[in-house]
Structures are given as C-alpha cells and as structure tokens.
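S.K.: I'd like to ask you about the structure that follows.
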Amino acid sequence: MGRSREGWARAVDRDDATVLCAETDGMLTGIAAYSPREGVMHLSQLHVSPAHWRKGVGTALHTACVAAWQRDGVTDALLEVFAHNLRAQSFYAARGWAPDPERPRAGTHLVLRLAVPSAGRP
C-alpha cells in the first residue's frame, strides 16, 4: 500500500500530470492518471474498486480522459497493461485501443495505442 500511495503522491504533484477521481455516494470508486511522455500522451493508471466493476465507473473515467485529450488536441495515446490481465485488455479493446505496431510489448506488459477521435466523433 505504501508504494501505491507514494506513486499517487508523485502523480498528483507533477505539473504535467492529470489525476481524475470517480466517487459514488461520497466514496472513492475509481481513479485515472495521464501525462505526456516524449510527446505522446500516456494513460498511466485507470483503476476501479472491484466492488464497482461493471457499473460504468471505468467507462466514465475513460470518457473523461478522452474528452480532455480531445480538448487539448491529443491525437494518440498509449498505455501499458499486464499481458495476463485479460479483463483490462477487453475493457480497452472495447474502447478502441489496439496493440501499438511500433512497440507491442514492454516486458510483462502489452503496449496499446488509441487514435483519439476528433471531438464529436465516437
């Protein structure tokens, strides 16, 4: 737990990072974080409390990230997902993420790329 808190504290303190939180009935139910790295937007975290899986929290966070990227003119985004995390891979694939043709793997992670749709297009 300590490492997670330290990692989130660093993310929140970064000037170029954005952290979004979802809450339900006053309780934190999900969190997403993204920041640019080497000129490309990276979705570094998207986590939902297991008690709130399949209730739209992850979709809402993802939608908020994409809407912010559209406002900022971002055209592509990357993320890394554990190769064994099929649930997460399915979530991202349903939202348009696909293996990055330039670098499909990073160790134990798959690298996925999203062509951010223009505002007004799904």
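S.K.: Based on DSSP loop calls and a cut-off of at most 16 other Cβ atoms within 10 Å, the longest stretch of the chain free of exposed GluC sites (Glu not before Pro) is what?
M.R.: 39-101
S.K.: Sequence-distant or interchain residues sharing an amide H contact under 5 Å with SER44, placed H: which?
M.R.: Sorted by chain and number, the residues that satisfy this are ALA33, TYR34, SER35.
S.K.: Find the all-direction average of the projected area of the Cα convex hull for the chain, expressing the result in square nanometres with one decimal place.
M.R.: Mean orientational projected area (the chain, Cα hull): 8.4 nm².
S.K.: Just need the relative contact order of the chain here, percent rounded to a whole number, with Cα pairs under 8 Å and 6+ apart.
M.R.: Worked out over the chain, it gives 18 percent.
S.K.: For the stretch 100-113, what does the Karplus curve 6.51 cos²θ - 1.76 cosθ + 1.60, with θ = phi - 60°, yield as ³J(HN,Hα) per residue in whole Hz, taken in order and with x for Gly and Pro?
M.R.: Karplus values, whole Hz, x for Gly and Pro: 6, x, 7, 7, x, 9, 9, x, 8, 10, 8, 9, 10, 10.
S.K.: May I ask for the net charge around SER49, where only other residues with Cβ less than 15 Å from the Cβ of SER49 are counted and Lys, Arg are +1 while Asp, Glu are -1?
M.R.: So the environment of SER49 carries a net charge of +1.
Every number in this text was worked out from the coordinates using simple rules, so none of it is lab data. It should be emphasised that the depicted structure is a prediction, and the values quoted were computed from it without experimental measurement. Every residue, glycine as well, gets a Cβ built from its backbone with ideal geometry; the counts of neighbours run over all protein chains shown.
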